[in-house]
């Protein structure tokens, strides 16, 4: 399954919540609740070609940080008896973290491909990979994740 940010350009799917910065940690002006937005169908939301989905895969449009919130991801995984989720992508301290916490709360096994995640702030990425995610997941390199998948088949 692929969970892609899929906001509408008119912001009809985004929350206007109070915060100090945008997702790239740039200060917002007082009263500015908008900031940059990932709009569905743009290059920034596309899956890289090397990981292109196959016909049996499905794409979950994501309107919040967690791929589970308000989507059919949990239903689709359980319908296929999938109990392990492998996470990769960006941003480590936003979508990956929110999805990891949600998956853990839903009792999924988690594997996080550390070198296939990214964050605008390297120290945020490093702290999550070293100090937070190991308590809830197997944190491995993408090569190690591929090896795990080969052994499972």
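Kirkwood hydrodynamic radius computed over the stretch 60-153 comes to 13.5 Å, based on all pairs of distinct alpha carbons. Once the Cα-Cα distance is subtracted from the 0.36 nm per residue extended length, the residue 59 to residue 76 segment shows a gain of 5.1 nm.
Taken together, the values in this text are just the output of simple stated rules run on the coordinates, not laboratory data. Fair warning: this is a prediction, and the values are worked out from it, not measured in the lab.
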